[in-house]
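The values are calculated or read from the model by the stated rules, or taken from the named source; none is laboratory data. What you see is a predicted model; the values in this text were computed from it and never measured. Cβ: placed from backbone, ideal geometry, glycine included. Neighbour counts: every protein chain shown.
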Amino acid sequence: MLSDIITDIVNCQPDMEMVGMATGRVSLTEAVAEADADVVVVGLPDADLPSEYAVLLGARPQTRLLGVSGDGRHAFLYELRPYRRTLGEVSPEALIEAIRTAVRPAVS
């Protein structure tokens, strides 16, 4: 399963920690707040962000959302600002780099 693969990839990184796994969208905002997650990884059917996830970004502007396509070939990074960056084809290295990039502070 794709979620198991992503979990294994993240858990192998010494500078990252999987802080939780939510099974439903209904309490996603609460689960993310409780875990104090910097990046939330979700499966998406396409590049469009479902409204439930937009609500999460509105409630937690500091959180980034990494959406991975159902076939595991493409990923998209979403932030509160109206901005989507296509990350291209997915590989373990690309996923890890996307997560690291998402949590790095912006250079002023």
Legend entry - helices (runs of 4 or more DSSP H) wholly inside the chain containing at least 2 residues that are surrounded by fewer than 17 Cβ atoms within 10 Å (Cβ to Cβ) and polar (S, T, N, Q): 2-11
Inset, instruction - Mind telling me which of the residues Leu65, Leu49 ends up being modelled with pLDDT of 85 or more and touching a Phe, Trp or Tyr at 6+ places or on another chain (Cβ under 9 Å)? - result: Leu65
Legend entry - segment 69-102, residues that are at pLDDT below 85, of a type outside the set (Ser, Thr, Tyr) and in contact with a Phe, Trp or Tyr (Cβ under 9 Å, 6 or more places away or on another chain): Arg84, Arg85, Leu87
Inset, instruction - Search segment 54-66 for residues that are within 20 Å of Leu95 (Cα to Cα) and pair each with any residue that is hydroxyl-bearing (Ser, Thr, Tyr) and not in a helix (DSSP H, G or I) when their beta-carbon atoms are under 6 Å apart and the residues are at least 6 apart or on different chains. - result: Leu65/Tyr78
Inset, instruction - Tell me, yes or no, whether segment 14-33 has at least one residue that is in contact with a Pro (Cβ under 7 Å, 6 or more places away or on another chain) and not small (Gly, Ala, Ser). - result: no
